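These notes are about the structure you will find just below.
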Amino acid sequence: MNLSFPILKSYTYLNTANSGILSTEIAAWRTAHDEAFIAGGSNFRLENANIIGNLRNNLSSFFGPKADNTYLTQNFSIGFNALLNGLEKSHRFLLLEEEYPSVSFPVISMGFEYQTVQINADLENNIIKAIENFKPTVLAFSMVQYIGGLRMDEEFIKKIKTTYPNLLLIGDGTQFTGTTVFDFEKSGLDALIGSGYKWLLAGYGNGYVFLSDKLKDKLYTKNKMTPLPTAPFLKDRDHLSLYFEPGHLDTLNFGTLNQSLTALGSLGFEHIENTTKVLSNEARLALHSRGLIADWLMDRKYQSNIMSLPLDEKKVAQLANAKILCSPRGAGTRISFHYYNTEADLNHLLEILDRN
């Protein structure tokens, strides 16, 4: 399926880190879905229940978690809160400073003991020192930081898991999944949770939870002693599905994720990764030469598609007037590149940045 994005004719869209865009093809599928629901009512629901199973299998196929350890959630926050509610309150969390609030706030507000690690050029050493001194049982972090775009070193994640096998590693994949080839089972992570509305281009109201066998066994341990419901329509559910997937799952929103995932998969995540890497690296070099990217960020092996630029109000207004869509985040202006962005987009950005 080739995807068409009309918004690209009107704007230079450097804002996928804020919201992915919806294609005309997927919008047409959504319209057909609701028209069939109007015509079929309960029959439509019965005939389209397989959408949920297909999505679960596609997520497993593309990103490597076991299908039985893959749960569907409306967004990252709901999935992460469900996970935290299933952990013993004795767990100690290590978090990164200036982390996405949906990661840090639930940990803090639920009363878990926690410590934070500063993000700088010595991030990996900072984490190791904090693990040795604080002795956390959980390290929770965004795979890509939402403000500055720092991407966690995937080899470092594996090293942590090898060195500290009992430390649970929980990642927020919202700014990560869909940008690169990824295999959850080989990643060293115990959980990857994310929303589908950014890099997966799937609109709002859908997300995913991938769990390792180890973490799956540690969740809701006391609740698993309660017998499962015997109602026929719940016969295929396990305990965790009743916590991560309570109630009915919406075939429109999750079907949208399935449609977009299928389209991106046919394009190829390796192609998406390579295309965006070339453009993002070119952008990073050009922006660094203008003093807009810190030296230490340039030296990291793993780079994301997100960059934060320290721009004044006049320059931000110029970008807006030039119909370049980006977002204020933290102390900077955040830009991001997906596979539909082009070198012409980058040149337009640089031309505006170079204006007086």
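Taken together, the values in this text are just the output of simple stated rules run on the coordinates, not laboratory data. Here the structure is a predicted model, which means the values were calculated and not measured. Quick reminder, even Gly has a Cβ in these numbers, built from the backbone with ideal geometry, and neighbours come from all protein chains shown.
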Listed residue pairs exceeding 31 Å between alpha carbons, taken from 66/89; 66/323; 224/301; 135/222; 198/222; 186/222: 66/323; 224/301; 198/222
Quick query: amide H of residue 311 versus all other amide H atoms, modeled in the peptide plane; which residues come in under 5 Å with a sequence gap of 5 or more or a different chain? 333
Hey, can you grab everything whose amide H is under 5 Å from the amide H of residue 15? Only 5+ residues off in sequence or another chain; H modelled, so Pro and N-termini drop out. 336
Under a point spin-label approximation (7 Å from Cα along Cα-to-Cβ), what is the residue 181-residue 270 distance to one decimal in nm? 0.5
Taking a label point 7 Å from the Cα of residue 28 along the Cα→Cβ vector, which residues of the range 185-205 have an amide N closer than 20 Å to it? 201-203
From the Cα centre of the range 209-227 to that of the range 129-159, the distance in Å is 23
Compute the length gained on full extension between residue 155 and residue 221: take 0.36 nm times their separation in residues and subtract their Cα-Cα distance, giving the result in nm to one decimal. 20.6 nm
Filtering the chain for DSSP H helices with an axial alpha carbon extent of at least 18 Å and a Kyte-Doolittle mean of at least 1.0 returns none
Cα-centred dipole magnitude for the range 27-266, charges only on beta-carbon of K, R (+1) and D, E (-1), debye, nearest 20: 480
So what's the projected area for the chain, the Cα convex hull averaged over all directions, in nm²? 18.6
Residues residue 262 and residue 331, FRET efficiency given R0 of 45 Å [Cβ-Cβ distance, rounded to 0.05]: 0.70
Below 8 Å between Cα atoms, with a sequence gap of 6+, how large is the relative contact order for the chain in percent? 25
Can you tell me how much longer the chain between residue 277 and residue 235 gets when fully stretched, taken as 0.36 nm per residue apart minus their C-alpha distance, in nm with one decimal? 10.6 nm
Would you mind telling me which residue in 183, 34, 250 has the biggest mean-square fluctuation in a Gaussian network model of the chain, where springs connect alpha carbons within a distance under 10 angstrom? 34
Quick one: which of 335-343, 266-274 comes out on top by average Cβ neighbours within 10 Å, and what's the full order, highest first? 335-343, 266-274
By average Cβ neighbour count within 10 Å, what is the ranking of 91-97, 113-119, 36-42 from highest down? 91-97, 113-119, 36-42
Measuring from centroid to centroid over Cα atoms, what is the spacing of the range 3-25 and the range 242-316 in Å? 13
